[in-house]
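**Q** Here's a structure for you.
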Amino acid sequence: LGRLHDSNQPHPAAHSKALIARAFGVSDISTIFSWFGDQPLGAGAVAQVHHARFSPEFIDRLSASDSGLAEVLHRNPDVAVKVLHPCVGRNIRRDLRIMKWGATVLGALPGMRWLSLPDEVAIFGAMMESQVDLRIESQNTQQFTDNFTARSGVSFPRVSRHGLPLDSPDVLVESYQDGVPLRAFLDTTGHTVFDKEIGSQGLDAFLHMLIYDNFVHADLHPGNILVELTQPDYGTPLDRFVEDFFDMSPFNRRKRLMQQVPLPTSSEAHAHIRRVLSDHETGLISGQQMSDQIHEYTRYLYRCGFTPSLVFLDCGLVTLLDSTNRRNFIDLFESVCTFDGKRAGHLMIDRCLTPELVINPDVFVLRIQDIILKVRQVSFQLSKLTFSEIFAPVMNAVRLHHVKLAPDFINIIMAMFILEGIGRRLDPESDILRVALPMLRTWLKEEAKNELSSWPLRSTTWNLYRVWLYVELREYVSRVRYWGGDDQEFFGEFAPFVGTDCSV
């Protein structure tokens, strides 16, 4: 199934050109693009993406309607053009009719009513229909861009729909994002010097979506994530003064290194790593040779001051929790954080979609209690407990006892399964609660402030404070227990240069 991420069978370039010409209302795309890549950058299950470059003449024509967009395109005319596969909408609608018929037949069998299969097919169908209308992806991408404007570490493609003569569900034009596929870091043996920061950025971005924005990217598999490697930025005049002062130091290994070899550009760094991946895929080098070369080159980039960041692609699928499900999520989260397994089990039953169809509810509550007790035993070392170890038995209990959860909950849980798998591969010691603590502080404070506006205080107010106090106490005790064991705790961003050889 991994081939469906970005290595599916591509459709002919002629089909892409015909759809693009029709979407722009022209007879030949050469009037729009000075160059168009026939070989797609990637081909997914629904669409494929081509690299293209707007012609100067077309950009000049745009200046009359949107001078700002024209100025941006003059600086960087390269774009990514996403085009749906032939007949994909018709094929999906045909498959959904077959699935609906099958769900109706199966739903009539004894013991199958709790699954509500026709409803599940309808929900799945709505998700797939949104995938074949690229105007929805354009709106989602713009929303993510707005949400992450003031946040570093993660970016999204810039959509160019509003200033272009383009309004088609079959074609989407976005800024071209130059980067390295995430699998370059996932497929290497061991861990590169950038792995920990990449994993932290991905987890931080997901928690921002979930906790702050309530607008979650629901398709974050490795094929939809790029890694950008950026040259060092010397920032403000004070930063440059400090850098110049440091340049006079005989210990400045970075300066000596840059005097020996010119600093590569970001594009050159990306191209080098992609070339290593290509050599491995074509059989020119072995997997171990690929890993060795990537490790050596990323260490070189690290010594030169390069920093990684992430680009999230393909924003067609998103998950939002309505007010009821968001309240349910908060209450369930509070029960888990305070290790109240009995309350968590009863909440899952009382607020599921079909509580009257639950089998042996008392046994289900006991199962949830047992899972929460396991979490409690390692509550101060959550890096030793994986998300799947918690939620796999929960999902198994849900299935055995016919506790039907809301689809939005399931989408978020599946997204967290995928993200944790990526994060654990990049940083086995990652701790989701520790990363979430700063966001929880701000969010819970705002929630509690809203609750305090009413008097007398409701029970939810005290629950919010209990969660807040728990995560703060956990962080404090963890720091006391492991003080001195992690240079990052004391030295912050200077930790890589404390007690280590900078040449490594």
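**Q** Would you mind getting the accessible area per residue of the range 72-170, heavy atoms of the protein chains only, 1.4 Å probe, in Å²?
**A** 55 Å²
**Q** Computed over the Cα atoms, what is the radius of gyration of the range 281-368 divided by 2.2 N^0.38 Å, N being its residue count?
**A** On the way: Rg = 24.1 Å, N = 88, 2.2 N^0.38 = 12.1 Å.
Dividing the Cα radius of gyration by 2.2 N^0.38 Å gives 2.00.
**Q** What does the charge add up to near ASP146, with Lys and Arg as +1, Asp and Glu as -1, over the other residues with Cβ less than 14 Å from its Cβ?
**A** On the way: positive: ARG151, ARG158; negative: ASP213.
Summing Lys/Arg as +1 and Asp/Glu as -1 gives +1.
**Q** Turning to a different aspect of this structure: Work from the charge dipole of the range 75-145 (Cβ charges, +1 for Lys and Arg, -1 for Asp and Glu, about the Cα centre) and give the residue of VAL88, MET112, PHE124 farthest towards its positive end.
**A** The Cα lying farthest towards the positive end belongs to VAL88.
The values are calculated or read from the model by the stated rules, or taken from the named source; none is laboratory data. All values reported here derive from a predicted model rather than from experimental measurement. Note that we place each Cβ from the backbone using ideal geometry, even for glycine, and neighbour counts take in every protein chain shown. Only protein heavy atoms, including side chains, enter the accessible area calculation; ligands, DNA and RNA are left aside. Shrake-Rupley method; radii C 1.70, N 1.55, O 1.52, S 1.80 Å.
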